[in-house]
Amino acid sequence: MDKILTIDGPSASGKGSLTRAIAIALNFKVLDSGLLYRAYAYFYEKGVTTDHISKKIQGLSFRFNSGDVQVFDDVKEITSLLRSENTAKAASALSSQKETRKNLLDIQRSFYNGNGLVADGRDMGTVVFPNARLKIFLTASSEVRAKRRHIELQNRGQEVNMRDLIEDIEERDLRDRTRTLSPLIPAEDSIVIDSSSLSLDEVLSFTKKLAKKEFDK
Ligand code: C5P
């Protein structure tokens, strides 16, 4: 079994915050696979052909800054561009294509070097790291998730209408859940946490207990 903690779940379920906090607590590396799908969409929209996108993504620099990640394309910081709802929509549409998933598989796996890794996404426990030692599936109601995403976007200086946000989130979830390739489903051996009425601290302390049991063996 690999020294990996996978955290899968729908958008804005709190995966990102949990991933960053637990990675700091365990001193594990982070893979934010959604960001790679967003980078894929970013290059695709810029007109880069799909057989060149992997190289472009490998050329990006990811800088970890007090738990958050900043992405640079050469000297240009593209973090907010990648985090925008438009890029999310484009990423969601491209992510159902076989070629996209195939192009990103090895890049995602290359984040694991034998030391601890927390991998955040939709199919980390089912497809990318099926041998992960601990798998969590984090979910929450769509209203709660839309509220959280609203706050997150506001903090990033982006204003979006709440109703549009709920619609976008539900549309994206439906597409992620019902696609044929790597659909968003909990791995059979995952622990499902519904965080609708839990704070990040509560989810974090529960996850820490599970991780301690698994990784301190
Ligand atoms: O997690 P995030 O919202 O950044 O992901 C953006 C999109 O990328 C998702 O809506 C999903 O369609 C896709 N994705 C995926 N598989 C992953 C991570 C993200 O299909 N492992």
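We did not get these values from a lab; they are worked out from the coordinates using the rules stated. This is a predicted model, so every value here is computed, not measured. Counting neighbours? That spans all protein chains shown, and the Cβs are built from the backbone with ideal geometry, glycine included.
Numerical summary
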item: Selection from the stretch 188-212 of residues that are among the hydrophobic types (A, V, I, L, M, F, W, C) and under 22 Å from Asn27 (Cα atoms); result: Ile191, Leu200, Val203, Leu204, Phe206, Leu210, Ala211
item: Residues located in the stretch 116-132, provided they are surrounded by fewer than 24 Cβ atoms within 10 Å (Cβ to Cβ), hydrophobic (A, V, I, L, M, F, W, C) and within 13 Å of the ligand (Cβ to nearest atom); result: Val127
item: Test: residue in the stretch 24-35 that is buried (at least 20 other Cβ atoms within 10 Å of the Cβ), among the polar types (S, T, N, Q) and within 18 Å of Lys208 (Cβ to Cβ); result: no
item: Given (1) crowded, with 16+ Cβ neighbours inside 10 Å; (2) of a type outside the set (Val, Ile, Thr); (3) within 14 Å of the ligand (Cβ to nearest atom), index of the condition Leu5 fails; result: (3)
item: Ala90 vs. criteria assigned to a helix (DSSP H, G or I) and more than 27 Å from Thr207 (Cα to Cα); result: yes
item: Looking only at the stretch 70-106, and only at residues there that are away from the ligand (no atom under 11 Å from the Cβ) and within 15 Å of the chain's Cα centre (by Cα), the one that is surrounded by the most Cβ atoms within 10 Å (Cβ to Cβ); result: Val71
item: Helices (runs of 4 or more DSSP H) contained in the stretch 109-217 and holding at least 2 residues touching a Pro at 6+ places or on another chain (Cβ under 7 Å); result: 162-178
item: From the options Asp168, Asp189, Asp194, residue that is in contact (Cβ under 8 Å) with a residue 12 or more places away in the chain and within 14 Å of the ligand (Cβ to nearest atom); result: Asp168
item: Residue tally, condition of a type in the set (Gly, Ala, Ser) and more than 16 Å from the ligand (Cβ to nearest atom), over the stretch 17-66; result: 6
